[in-house]
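See structure below.
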Amino acid sequence: MEPSKAPEQFLKPYNSAENEPRMLELWEKSDYANPDVCIKNGVTAFDAEPYSIVLPPPNVTGILHMGSALMIVIEDILIRYHRMRGKKVLWIPGTDSAAIATQAKVEGDIYKTEKKTRHDLGREELLKRVNAFTEESKKTIIDQTKKMGASLDWSRYAYTMDEKRYAAVMEAFVRMYNAGLIYRGDRIVNWDPKLQTTVSDEEIEYVEQQDSFYHFKYGPFDIGTVRPETKFGDKYVVMHPDDERYKDYTHGQKIDLEWINGPITATIIKDRSVDREFGSGVMTITPAHSLIDFEIAQRHGLDIECVIDDRGILLPIAGEFAGQHIKKARPLIVEKLKQKGLISKIDDGYVHNVATNSRGGGIIEPQIKRQWFIAVNKEVEFPDPSTELRAGGKKMTLKEHMRETVSSGAVEILPEHFSKIYFHWIDNLRDWCISRQIWFGHRIPAWFKGDEVKVQTESPGAEWQQDPDTLDTWFSSGLWTFSTLGWPHFAKTATRGEPGPENDLVNYHPTSVLETGYDILFFWVARMILMSGFLLGDIPFRKALLHGIVRDGQGRKISKSLGNNIDPLDMAAKYGMDAVRMSLIAGMAPGTDSRISEEKIRGYKHFANKIWNITRFVLDNNVGLTKSHILPDDLVLVDEARKVADEVSKHIDSFRLDLAADAVYHFVWDRFAAEILEQSKEILKGSDADAKNSRAAALHEILIISLKLLHPFMPFVTEAIWQQLPQPTLASSSGEAKKECDLLMVAKWPQ
RNA sequence: GCGCGGUUAGCUCAGUUGGUAGAGCGCUUCGUUUACACCGAAGAUGUCGCAGGUUCGAGUCCUGCACCGCGCACCA
């Protein structure tokens, strides 16, 4: 029998640009990313084990970067692997409105081009602009995600601001409100004067800054501050009760002294929160603009007076400085204090941390505001289980629930050491401020009336505060695993096992894995555990798998100012998406930062080409396709490939995708190509027909195993080859000659 | 201050219950014979951060230290 020749399509070298769009079209047409279609076509068993992931929805603010690319690749590998293992696999796509970030970006763009603020435009017009921007941006992100080869089920696509998600947000809000978990109160919050909104504790980023540190004479005391402009209202002087230096002063004692705008009467307060080692061990407090001071004031029932308004302007309490911005007023105030002889010393170069809004905002000014909060220390009843009960029926606080869910192992955080960071965060957790004053986001309905905890002061507000607040974007994100699966609409009518989106909640929740960056462990992972615990009595996912930051070849963070961005799609156009995918995975230990460089990507392009050429060699020698029998000697080689399959499976199951990729890479290149193929050349040249047929069949078998093992990592080149494999291909035992299936994407994983 | 990582070849990093130090890239030399020059063959390069300890044996386990990175808290 004459050897067949590889099909003409096997041009050399492998052309990714030509093959990738064809593969994408093929996959899209098949619709096998939709598990319902797989079941209908008999690709997946009706009662197969479910495997589900929600894609962390990328922000609609920008284009796809290497970080999102890494996330997509990791998840796509897991998804394709489990699909090939015969599971009922669902991977849900979505996009995130990213409220603050998006509004800040659009506002910025408008100001740049039109010199107009959002107040010039008005709420309606701004939202129109924001929506136009997000629609455009969404298309870009979706298109780029598809190009990555992500086998997402787009028929189930969700957007955080669409109607279904809005319904889920309202349902969640009402239930938590009725349970007393959501309350409204006048509390000290993180106020961003630039974006004119509150932000949560997690959104704050501390930036080191150098300032002058001023020492004042406050009656007989020496007090220090970096913020003289806040000191107008200071009429309490606080010290530690055990401080020997001040034992002659008694709690509640009144002292007359000269201060910025004239004589005042100050009151001595003894409080254990004062650090005796810091400065003179005495301080004055500004309760309206400092959390610690606010707490001291509350403990002792002291007056709380605002000094600075929402825009950073001094209030009438500042006397002659009222109406001035704090920035401009500070040097003038210092000057006046100097003239009055109240400054004893100025230390320059005092290094301290300044709180800023990490979402593109300004320097945080603590303010007392009437805001909505989620109580994390209030004991509540958790609901009965809807699917797999983890917290059902128990009475505990949200904080306890979040702690227990992880410590009990119900949710496993990987790598494991991140759970310590998680616990540490929980221990320091305060009530979550969920209301925002930005316009873009889910609005809190006006008909909600909170308990109005009265504090002495009314925060002096600007007129636009009359608008209803919107919700922290992470409130809706916290619902994501179930708001994308039909909750609350289908929560009661779903039928287990039956295909169809209306049964998703019961079929696919809890999700199998949540894969995301470690930087949003608190923002998202913790909030999802909180939300699904209280609302469903369920865990949102069994495992939280965290990945690190993708850095450039020199280990620097990718940033616009450095200009070191490596665009995944540019790289794919140049070297192929398979190469981009492999280079992101190889050498990436879970949870640690990784690096990517063009050289690395080029290396894996060579590998894609290698696979292509191996195939050509195997097909060129593909004699006796239908009747070959593999001799024991050659069977050993096939078994070797099967052993690699076990190794790859083991690594993927333990989320060591890097080791899995490494194992298959080395088998294919160093063993299969370099050794087995080379040896085979001798045999195939020989005259022993049985030996030739056997060896050719074995090579074919090893090729098929290799393609399957590589498919999750490099779906394009492997599928392109699979499409070219001659029909029929070998059937191993039955002797029946037929191609196992049309798409490698749903082929059986080798065992 | 509390906590979490890291330190292995020139560079980037593996090293899974302790058993003779590994890969990729780069470097040197050579080579087109049934795929592949986007290839192949051969080669050079290491006090495994430092100091102790446990052990027959430590890159791996324990203690201390140094340096780098990160998180959280404080910052009057």
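The values are calculated or read from the model by the stated rules, or taken from the named source; none is laboratory data. These numbers were taken from a predicted model, which means no experiment stands behind them. Note: ideal-geometry Cβ built from the backbone for every residue, glycine included; neighbour counts use all protein chains shown. SASA here: full protein model, heavy atoms, side chains in, ligands and nucleic acids out. Shrake-Rupley method; radii C 1.70, N 1.55, O 1.52, S 1.80 Å.
List of remarks:
- Selected residue [more than 7 Å from RNA strand B (Cβ to nearest atom), touching a His at 6+ places or on another chain (Cβ under 7 Å) and within 22 Å of A:Thr718 (Cα to Cα)] from A:Ala663, A:Ala586: A:Ala663
- Test: residue in segment A:500-517 that is farther than 30 Å from A:Leu710 by Cβ, open to solvent by less than 10 Å² (accessible area, probe 1.4 Å) and within 16 Å of RNA strand B (Cβ to nearest atom): no
- The listed residues are A:Asp186, A:Asp201, A:Asp192, and the only one of them that is in contact (Cβ under 8 Å) with a residue 40 or more places away in the chain and within 16 Å of RNA strand B (Cβ to nearest atom) turns out to be A:Asp201.
- Hits in segment A:589-601 (condition: open to solvent by 40 Å² or more (accessible area, probe 1.4 Å) and either at pLDDT 90 or above or near RNA strand B (Cβ under 8 Å from one of its atoms) (or both)): A:Thr592, A:Asp593, A:Arg595, A:Glu599, A:Lys600
- Screening A:Thr265, A:Thr230, A:Thr284 for residues that are in contact with a Phe, Trp or Tyr (Cβ under 9 Å, 6 or more places away or on another chain), of a type in the set (S, T, N, Q), touching a residue at least 24 places away in the same chain (Cβ under 8 Å) and at negative phi leaves exactly one candidate, A:Thr284.
- Helices (runs of 4 or more DSSP H) contained in segment A:554-656 and holding at least 1 residues touching a residue at least 24 places away in the same chain (Cβ under 8 Å) and more than 30 Å from A:Tyr51 (Cα to Cα): A:568-575, A:598-620, A:632-653
- Sole residue being within 16 Å of RNA strand B (Cβ to nearest atom) and closer than 30 Å to A:Arg359 by Cα, chosen from A:Met71, A:Met66: A:Met66
- If you go through segment A:574-587 and keep only what is among the hydrophobic types (A, V, I, L, M, F, W, C) and open to solvent by less than 10 Å² (accessible area, probe 1.4 Å), you end up with A:Met577, A:Ala579, A:Val580, A:Met582, A:Leu584, A:Ile585.
- Restricting segment A:535-548 to residues that are away from RNA strand B (no atom under 12 Å from the Cβ) and surrounded by fewer than 22 Cβ atoms within 10 Å (Cβ to Cβ) leaves a set whose member that is farthest from A:His417 (Cα to Cα) is A:Gly537.
- Those residues of segment A:212-225 which are open to solvent by less than 20 Å² (accessible area, probe 1.4 Å) and closer than 13 Å to A:Ile346 by Cβ, in sequence order: A:Phe216, A:Thr225
- All of A:Phe382, A:Phe373 fail the test of being of a type in the set (Phe, Trp, Tyr), at pLDDT below 90, touching a Gly at 6+ places or on another chain (Cβ under 9 Å) and closer than 30 Å to A:Leu429 by Cβ, apart from A:Phe382.
- Hits in segment A:401-440 - residues which are open to solvent by less than 40 Å² (accessible area, probe 1.4 Å) and not hydrophobic (A, V, I, L, M, F, W, C): A:His401, A:Thr405, A:Pro415, A:Ser419, A:Tyr422, A:Asp431, A:Ser435, A:Arg436, A:Gln437
- When every residue of segment A:254-270 is checked against the conditions, at least one turns out to be of a type in the set (A, V, I, L, M), modelled with pLDDT under 90 and crowded, with 17+ Cβ neighbours inside 10 Å.
- Of all residues in segment A:666-688 being assigned to a helix (DSSP H, G or I) and open to solvent by less than 50 Å² (accessible area, probe 1.4 Å), the one that is farthest from RNA strand B (Cβ to nearest atom): A:Phe667
- The lone exception for A:Asp639 - which of (1) away from RNA strand B (no atom under 13 Å from the Cβ); (2) open to solvent by less than 50 Å² (accessible area, probe 1.4 Å); (3) over 33 Å from the mean Cα position of the chain (by Cα) it fails: (2)
- Which numbered condition A:Tyr350 misses (of (1) in contact with a helix residue (DSSP H, G or I) (Cβ under 6 Å, 6 or more places away or on another chain); (2) aromatic (Phe, Trp, Tyr); (3) open to solvent by 30 Å² or more (accessible area, probe 1.4 Å)): (1)
- Filter result (more than 13 Å from A:Ile223 (Cα to Cα) and of a type outside the set (D, E, K, R)) within segment A:260-285: A:Ile260, A:Asn261, A:Gly262, A:Pro263, A:Ile264, A:Thr265, A:Ala266, A:Thr267, A:Ile268, A:Ile269, A:Ser273
- Segment A:602-624, residues that are open to solvent by 40 Å² or more (accessible area, probe 1.4 Å) and either of a type in the set (Phe, Trp, Tyr) or more than 6 Å from RNA strand B (Cβ to nearest atom) (or both): A:Arg602, A:Phe617
- Against the list (1) away from RNA strand B (no atom under 14 Å from the Cβ); (2) more than 29 Å from A:Val406 (Cα to Cα), the condition A:Gly555 fails is (1).
- Number of the condition not met by A:Tyr218 [criteria: (1) of a type in the set (Ser, Thr, Tyr); (2) more than 16 Å from RNA strand B (Cβ to nearest atom); (3) out of contact with any Gly (no Cβ under 8 Å at 6 or more places or on another chain)]: (2)
- All positions within segment A:549-573 that are over 18 Å from the mean Cα position of the chain (by Cα), exposed (fewer than 13 other Cβ atoms within 10 Å of the Cβ) and among the charged types (D, E, K, R): A:Arg556, A:Lys560, A:Asp570
- Here A:Leu657 does not fit the description of being more than 11 Å from RNA strand B (Cβ to nearest atom), aliphatic (A, V, I, L, M) and at pLDDT below 85.
- Of the residues in segment A:87-99, at least one is modelled with pLDDT under 85 and assigned to a helix (DSSP H, G or I).
- Test: residue in segment A:28-37 that is surrounded by 19 or more Cβ atoms within 10 Å (Cβ to Cβ), in contact with a Pro (Cβ under 9 Å, 6 or more places away or on another chain) and modelled with pLDDT of 95 or more: yes
- Pairs are defined by a Cβ separation below 8 Å, a sequence spacing of at least 6 or placement on different chains, a first member in segment A:339-354 that is closer than 21 Å to A:Pro220 by Cβ, and a second member that is open to solvent by 40 Å² or more (accessible area, probe 1.4 Å) and part of a strand (DSSP E or B); the pairs so defined are A:Lys340/A:Glu258; A:Gly341/A:Lys217; A:Leu342/A:Lys217; A:Leu342/A:Glu258; A:Ile343/A:Lys217; A:Ser344/A:Lys217; A:Ser344/A:Asp222.
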